[in-house]
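Everything below concerns the one structure shown next.
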Amino acid sequence: MNRIIKCFILAIVLGGCVAKPDTPFAPQADIVPRPVDYVELRGFHTIRDDVGICADPGMEDVSDLIAADLSSFLGKNVIVERNICAGTILVRKCDSFSEIGTEGYKLNITEKFIEIIAADPAGIYFGYQTLKQMMPSSVYSGKVVEGEVKIPCARISDYPKYSWRGMHLDVSRHFMSVDEVKQFIDAMAMHKFNLLHWHLTDSQGWRIEIKKYPNLTAQGGFRTDRRDLEWSYHDVKLKGTSGASEPYYGGYYTQEEIKDVVAYAKIRGVSILPEIDMPGHSLAALMLNPDLACEGFDVNNNEFYLDNFCPGKEEVFSFLEDVLGEVIALFPYEYFHIGGDEVKKDLWAKCPDCQKRIADENLADVNELQSYFVNRIEKFVNAKGKKMIGWDEILDGKLSETATVMAWRGASKGKEAVELGHPVVMAPYDEVYFDYLQTTSRFEPKAIGGYNKLRDVYNWDPMPSMLTKEQKELILGAQGQLWTEHMVNYEHVEYMAFPRAIALAERLWSQPYKNNLYFFSDFEKRMASHYSRLTSAGINFRFQGKELPIARLFGNDLSNGKISITLGRHLLINDRIQIAIAPRRKNSSEIRLKNIRLEDASGNVVEKISYNSKVGKFNLLNFYTFSNFSSAEELIFVADLESESDGNVEFDIIARIF
C-alpha cells in the first residue's frame, strides 16, 4: 500500500478518537511516564500462539529487537516479516503525524491486532515500552510467562516534552562492566530516556582505551583497592605508580566494547554522550604523564582540585587532540562533553608556562586562561563535526557563542547561559543529583550529602522561571546525575537511581495537565503497579514503603559469628522485602557481613546477595533486596561476620515492604 494512503487511513483511525485528559487520574493503565493522550477501549488483545510482526521498510532492526523480547517471555519464536503480511503486531513507519515528532508514537490496540506507528525506530521502541507496561509484570522477568498475555484495548498518542532526557553515569570513580552499562541503558529506555552521559575519565580512573597512549588504561584503569574504606579524593594510587599495592581494582572499555555499547543503545533509542574531563579532574592522566601538569604539581602529594592540565604547554593540546581524535570517532552523537568543572587555578597563577600563555594571548587572568583552553578545544571538537558541551564553569571568562552549557550549580546558571544565547541542559545538584540521600533515614547508605527526595524530584520544573519565549527554546531538557564516589557496585547505582530517575523521566517526557500542573499523587498511584515491573526486571530500586523495625542487635547476639533473624509471613506477603542495618549509636563498632542470604526452616539458601556489607561509622552496601522467593510462612535472614566483633555493638535492623 502506498505510504501516503496508509498514513491517511491511520490518521482517520487514530486521530479522531483521541481526547486529551482535562483532569488528573484519567485512565492511563498505570503507564510511566504518563502518555499524552490515552483512550480506553472495551476488551482485551490476547497475544495468540501464531503472533508475528509485520514491519515496514526501515523498521526491520527495531522490529527484530521487539521480536526477540517477545520471544523471551512467550516461549516461542516470534517472526518478523516485511511489508504486507499476516502478523498481528504491525510496526508502521509514518511521517505524517508531525505533532509527535521523531520520538513520538501512536499505539492502536484492538482485539484483533496491535499497531505501533512512528516516524523513526526510536518512536517504535518507546511505543513498545508503553505496550509492554500494559502486559502482566511477569513479562519483565526474562522467563516464559504462565498463562495468557492480555493487553487492555486502547488508543494512545504520545510524544516527549523535552528533546534532551538524560542520565549521567560516572564510571571513573567505580567501574561498571559492559553488561552493567547495558542493564542501565535497558532501564533508561524502559522509561523513555534518550541520552546516556557517560563520564569516562576523572582523577580516580581512565576507562576508555586510547591506542596511542595504552598506559592510560593499562595503569590508569586500575588502582589500589580501598573500597571498604571511606571514600577519599586524595588517596589515588594507580597501578605501577609510587605507593600503589595489590590488590588492584578497576577496569576499562576497549574501543570495540565502546562500539558495541553505542550500537546497543542506538537501537533502543538512546544516544551516548562521552565525557573526557578537562582541564581539571585529570589526575589519572597526570600521574602517568606528569610533564602535562604545571610547575609545582606533585604527583605524590596532590591536593584536591589541583589535578589540572597545564594550558601553557603545547604538548598538552597535542596529547588531548590525540585522545579526542580517537574518542570522537567512536561516538556518532552530535555533542561531545569536555567537563570543564571545578578547576582550581592556584598552580596556573604561579606557573611560568601559564603566565607566558596569558601574556602571549593578551588574556586578563587565569579565568580567561580557562576560556582560552575551552575555546581552543572547542575548535578541535567542531572540526571533527561535533558540538561542544561543558559544565557551567565554562561560562567563566569568555565563552564562544556556539558552546552548550550543562547547568549544575542551580537554575541561575541556566538562566545566565540562555541570557547569553547558549543552549542549556539543566542538571542542578539540589534537584537531580542522585548521589544525594533519598531520605533522612539513618538506614540509608553513605552518600555525598544533601537530600533529593522522590517527591521533590517529581515536583521540580526543569524550565527556569522568568524566561522569554526565545530563551525557553534554548532549554534543551535535563538529566539526572550519578556520581559514584560512594557507589562501589552496580546494585548501589540502581538503588540510588530508582525510583527518582523515573520521576525525572516523567517530568521530561509527559505533558502537564491543564494549567501546567503535575500531580505527585497520580504518579504515586501509577508507580504502585510499576514497582512490580521493576521487581520482575531485577532492578534494585529503593523501596518506598515504611521502615518496620524487626530486630536490635547487641554484642552477645553475634557470639556465634552470624546474624539470624526470623521473618514472619506479614513481612513476606508480597514476595519481596528490603532489609537494612544501621548503628544505633555513633560509637558502635563496625561489623562486616558476608554470605548475606535468606534461608528456609531447613537451612536451604532461598536467595543470596552478591556483595558483602559494612555497617558502622559509615554504611557501605547496608541494604539487601530479596525478590526471588516464593510465598512462605517464614524465612530466615542470615549473614555471616567476616571477623569477630569486639562486643561494642548496637545495631537496628528494619524491613521495607510494599
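The values are calculated or read from the model by the stated rules, or taken from the named source; none is laboratory data. These numbers come from a predicted model, not from an experiment. For neighbour counting, all protein chains shown are included, and Cβ atoms are generated from backbone atoms with ideal geometry for every residue, glycine included. Each accessible area value is taken on the protein alone, full model and side chains, heavy atoms only, with ligands, DNA and RNA left out. Shrake-Rupley method; radii C 1.70, N 1.55, O 1.52, S 1.80 Å.
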So how do 345-357, 466-478 stack up, highest first, on mean other-Cβ count within 10 Å?
345-357, 466-478
Nearest 500 deg cm²/dmol is fine: what mean residue ellipticity at 222 nm does the chain get from its DSSP H runs of n ≥ 4 alone, each adding -39,500 (n - 2.57), divided by its residue count?
-8000 deg cm²/dmol
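Given Cβ point charges of +1 (Lys, Arg) and -1 (Asp, Glu) and nothing else, what value in debye, to the nearest 20, does the dipole of the range 159-223 about its Cα centre take? Display every interim value, and only then the final one.
Details: 9 positive and 6 negative charges, 40 e Å.
Roughly 200 debye for the range 159-223.
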With each label point set 7 Å from Cα along the Cα-Cβ vector, what nm distance links Lys143 and Thr468?
6.0 nm
Long-range amide H contacts for Met406: which residues qualify at under 5 Å (H placed 1.01 Å from N, peptide plane, sequence gap of 5 or more or a different chain)?
Gly390, Trp391, Asp392, Val425
Give me the net charge for the shell around Ser63: Cβ to Cβ below 12 angstrom, other residues only, Lys and Arg +1, Asp and Glu -1.
-3
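Please give the charge dipole size of the chain, origin at the Cα centre, charges +1 on K and R Cβ atoms and -1 on D and E Cβ atoms. Round to the nearest 20 debye.
Numbers: 75 positive and 92 negative charges, 325 e Å.
My answer is approximately 1560 debye.
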Amide H of Met278: which non-local residues (sequence gap of 5 or more, or other chain) have their own amide H closer than 5 Å, using H built in the peptide plane?
Gly339, Gly340, Asp341
For His45, list long-range residues whose amide hydrogen, built 1.01 Å from N in the peptide plane, is under 5 Å from its own amide hydrogen.
Ile151, Cys153
Can you give the charge dipole size of the range 338-385 about its Cα centre, rounded to the nearest 20 debye, using +1 on the beta carbon of Lys and Arg and -1 on the beta carbon of Asp and Glu?
160 debye
Of the listed values (i) 41.2; (ii) 35.3; (iii) 31.0, identify the label whose number matches mean projected area of the Cα convex hull in nm² calculated from this model.
(iii)
SASA check, Phe519, accessible area w/ 1.4 Å probe, all protein chains in place, rounded to nearest 10 Å², comes out at 60 Å²
Can you tell which of Pro274, Met59, Gln219 lies farthest toward the positive end of the dipole of the chain, using +1 and -1 charges on the Cβ of basic and acidic side chains (Lys, Arg; Asp, Glu)?
Met59
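Per residue, how much accessible area does the range 126-187 have with a 1.4 Å probe, in Å²?
On the way: 1900 Å² over 62 residues.
I get 31 Å² per residue for this part.
For the chain, give the percent of accessible area contributed by carbon and sulfur heavy atoms, probe 1.4 Å, rounded to a whole number. Write out the running numbers ahead of the final one.
Numbers: 12410 of 25750 Å².
Carbon and sulfur atoms account for 48 percent of the accessible area of the chain.
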Which FRET efficiency, nearest 0.05, do Ala349 and Glu246 yield, Cβ-Cβ r, R0 35 Å?
0.35
Here the net charge surrounding Phe319, from other residues whose Cβ is less than 11 Å away from its Cβ (Lys, Arg +1; Asp, Glu -1), is -3
Over the heavy atoms of Ser412, what accessible area does a 1.4 Å probe trace out, to the nearest 10 Å²?
80 Å²
Here is the link list: Lys93/Lys379; Lys345/Lys469; Lys182/Lys453; Lys212/Lys608. Which ones come out longer than 32 Å on Cα distance?
Lys93/Lys379; Lys345/Lys469; Lys212/Lys608
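What FRET efficiency comes out for Glu295 versus Val178 if R0 is 41 angstrom and r is the Cβ-Cβ distance? Round to the nearest 0.05.
Working: r = 40 Å, r/R0 = 0.97.
FRET efficiency, Glu295 to Val178: 0.55.
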